[in-house]
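Reviewing the structure listed below.
The values are calculated or read from the model by the stated rules, or taken from the named source; none is laboratory data. Everything numeric here is computed off the predicted structure, so don't read it as measured data. Cβ coordinates were reconstructed from backbone atoms using ideal geometry, including for glycine residues, and neighbour counts include every protein chain displayed.
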Amino acid sequence: MLAQPNSGAPLIDGFAFAEAGKSLRGLCRVHDFARLRGLVSSDEGELMYEVAGTRDEVGRPALGLKITGTLQLTCQRCLKALPFPLQVEAVLALAESEAEIETRPVVPDEPDWIVGSREMAVGTLLEDEILLAIPFAPRHERCSGDPALKGEGQASPFADLRGLLNRGGRATN
Ligand SMILES: [Zn+2]
């Protein structure tokens, strides 16, 4: 299934855009990202993005992406809304083909590779990077409003000792 391009973000000719050092910026609605929508507690709001044509360290055409804004995630501990400040900066090097990417060794500090084309959906590029930036199990630093969790915070001084005893018990069995 093809990802639905974000209606707020245009198509660009990847290589021409990179070669010419073009840039564009805009706003996109969280609601328009179909995959992201399933991961947020509210799809209200907009994200700011910037795409800049550039070159990577060895001069290959690349796209620099910046995305900022706030996403409403769900805390995996108390299941309440968790505002997540999004701050994405990525450089994507453009390859001519999937085969070209596959023949390249994976180098940790290198930019990610994507297949460039004459019609690249900026919305899809943005959404991929946003999905990579979201924590797998987001949690408040301190959850509030749940009495059970407050109790958990004031742990019994014996809790650790009990844990140790239990472990000891299992070890001798
Ligand atoms: Zn929480």
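Descriptive notes on the structure:
- Any hit, region 13-20, residues being surrounded by fewer than 14 Cβ atoms within 10 Å (Cβ to Cβ) and under 26 Å from Pro138 (Cβ atoms): no
- Once region 110-142 is narrowed to residues that are among the hydrophobic types (A, V, I, L, M, F, W, C) and surrounded by 18 or more Cβ atoms within 10 Å (Cβ to Cβ), the residue that is nearest to the ligand (Cβ to nearest atom) is Ile130.
Residue-wise test of (1) farther than 14 Å from Gly116 by Cβ; (2) modelled with pLDDT of 95 or more.
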site: Leu2; (1), (2): yes, no
site: Pro10; (1), (2): yes, no
site: Gly38; (1), (2): yes, no
site: Glu46; (1), (2): yes, yes
site: Arg55; (1), (2): no, no
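- In region 67-84, residue surrounded by the most Cβ atoms within 10 Å (Cβ to Cβ) [restricted to those that are over 15 Å from Asp112 (Cβ atoms) and more than 16 Å from the ligand (Cβ to nearest atom)]: Gly69
- Lone qualifier among Arg29, Arg55, Arg25 - being more than 16 Å from the ligand (Cβ to nearest atom) and surrounded by fewer than 14 Cβ atoms within 10 Å (Cβ to Cβ): Arg25
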